[in-house]
Amino acid sequence: MMMSTHSDGNTLGLTKHTPPDVAEMDIRAHDGALYEWEGDVLALGVFEENLTRSEENKFLHPGLAELDYVMGGVLGELADEDDFTGKLGQLSVVRLASSKIKRLALVGLGRANNVMDAVYASDSWRILGFTAARIAKQLKMCSMGLAAMDTNLMDESSKLVAVESIASGAILGTYEDTRFKSEVYSLMDSMLAKFEKERINLEMLSIAASRKAKPSKLTQVAVMSLGTGSDRDEALRRAVCITAGVIVAKQLVAAPANVLTPGALADAAVSIAMAHSEVLTCTILEKVDCEALGMGAFLGVANGSDQPPKFIHLKYCPPDGVVYKRVAIVGKGICFDSGGYNIKTGANCAVELMKFDMGGAGAALGAASAIGALKPKGVEVHFISAACENMISGKGMRPGDIVTAMNGITIEVNNTDAEGRLTLADSLVYACRLRVDAIVDLATLTGACVVALGHEVGGFFTPSATMAQQLETAAQIAGEKIWRMPLVEQYKQTLESPIADLVNTSGRDGGSIKAALFLKEFVDPGMEWAHLDIAGPVWNRKTGTATGYPVRTLVKWIDQQQIVAGVADS
């Protein structure tokens, strides 16, 4: 393992982050009657169909009717008070008097046929866990039970998906990124949230702030109504491992560029390898190493920044050393994208958000963290990212320059803001030389893909029907949205240059397709390869936070490689 040493530029502005506020929760599967459970809040997932009532205003659903009777009719009152209809993500909460359960929450699961009949309904179950955990966090609850109606009608595989997804949602629901808030402002936010939810008066708020009281955290979660046993315990373990990887990605993508420099990103990769040193190793190639390998495309982008480039290579090997399948995940690692001399300008350029241009690298490292913890059998995985900044200086790449990639292909750079495909070009050549069986690259690559698919869906391109089927299935199981886009070979002629082998851009029309065709030129013929354009879903514009997309899909795709190799994960 080569340790990374990064410059002091990551302290620019004297900004340093504090450890993130990630709750350590004891999550367990729980059996028994719901009304016998004891704790701070019981969150009950209900379908729209469950809420049908008789002329006497009694629930027709036998399970809900029984629970409502035992709890003194509070479910009916709760549904009436907040006009609760069971719509997906809808929430209604009430405090209970003289009960072992302090609060009861109803969480909508939507229409039953959208969830109950599909093993791929993980997103709905995750919303149950997330919504309930979010309100438990706001109300300073320490223990929570999570259950749903009609789970007895589900098959075993669907129940395991639900267990994993509910637990994942609960973990994410408690997560809050306060790394860059001072103690005073973090305290104010915490107490103001309590003021809104509990309607405490300003005098109490002042007293609590003066005492610097630390809020309670959700530490105990019981996943109920889905059975118990070793398979449930394994589903919960997977939820913890994968969600920890999602949070790694969220933290990396959300960190500002003056903190998360290329060197700091390399250090994060080293830290992940050290945390799972029995299965992960990390190599960091410095600029001189990249020069020796002929990575002219990557170094051309990096040359405009004072921050030295870092080429990151994490390698996962199964604990027993037995490998049947080798794959690579390549993530775009532009820690800040100014656009270079084609500088980003205009009202919609979002230059202030270009810290997320390393979203591909963040997801790759998040997946590496999850895989290091899960330790799948029979599969060797390489996680690769060419990390640098795209900046402007006297040393910077100019429009019209020609760079030479690692495989000898020359590229006329007619737009310095199309830099990600240049760094990915050398990364893909490097991955191919590892003689892997399949490659997935992911990048916040084009605004064109956002125009086509919006902010909720990632686009993917592949000439392989096998890769397409694998990724679509992985995304369905993971509860993340992707859509296959066409690779129109006729568009390749627009990438021809009169003075070099290729140009890096060729107009706005079909921009995401042309970018994918450009990348295809750096993948060995016959290689199983897919490109994911994640420019839309990597960032939540409404909340101003990173999403951790598509870590779950990557992990599920790697899971599939065990099946392809004929290895069952035990």
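Observations on the structure shown:
- Region 244-561, relative contact order in percent, only Cα pairs under 8 angstrom and at least six apart counted: 23 percent
- Cα shape, region 370-412, gyration tensor, a/c 1.5 rule: oblate
- Diffusion coefficient (Stokes-Einstein, Kirkwood radius over C-alpha pairs, 20 °C, 1.002 mPa s) for the chain: 86 µm²/s, rounded to a whole number.
- Across region 360-369, computed HN-Hα scalar couplings (Karplus, 6.51 cos²θ - 1.76 cosθ + 1.60, θ = phi - 60°) run x, 5, x, 5, 4, 6, x, 5, 4, 4 Hz from first to last residue, x flagging Gly and Pro.
- Region 244-561: translational diffusion in µm²/s, Stokes-Einstein, Kirkwood Rh over Cα pairs, 20 °C, 1.002 mPa s: 113 µm²/s
- Alpha-carbon Rg/Rh ratio, for region 26-174, with Rh computed the Kirkwood way: 0.93
- Computed over the chain, relative contact order equals 15 percent, with contacts defined as Cα pairs under 8 Å that lie 6+ residues apart.
- Heavy-atom surface of the chain, accessible at 1.4 Å and reported per residue (Å²): 42 Å²
- Gyration tensor verdict on region 238-372 (Cα atoms; rounded if a/c is under 1.5, prolate if a/b is larger than b/c, oblate otherwise): oblate
- Exceeding the 28 Å Cα-Cα cut-off - candidates K310/K355; K287/K375; K137/K375; K100/K140: K287/K375; K137/K375
- Ordering of 82-90, 506-514, 364-372 by burial proxy (mean other Cβ atoms within 10 Å per residue, highest first): 364-372, 506-514, 82-90
- Just the protein heavy atoms count here, and of the accessible area of region 244-561 at 1.4 Å, carbon and sulfur take up 52 percent.
- Remark: relative contact order (region 26-174) = 29 percent; criterion is Cα-Cα distance under 8 angstrom and separation of 6 or more residues.
- Kirkwood estimate for region 440-570, i.e. one over the average of 1/r between Cα atoms, Å: 15.7 Å
- Alpha-carbon centroid distance for the pair region 461-500 / region 437-453, whole angstrom: 8 Å
The values are calculated or read from the model by the stated rules, or taken from the named source; none is laboratory data. Quantities reported herein were computed from a predicted structural model and do not represent experimental measurements. Every residue, glycine as well, gets a Cβ built from its backbone with ideal geometry; the counts of neighbours run over all protein chains shown. Accessible surface areas use protein heavy atoms only, side chains included; no ligands, DNA or RNA. Shrake-Rupley method; radii C 1.70, N 1.55, O 1.52, S 1.80 Å.
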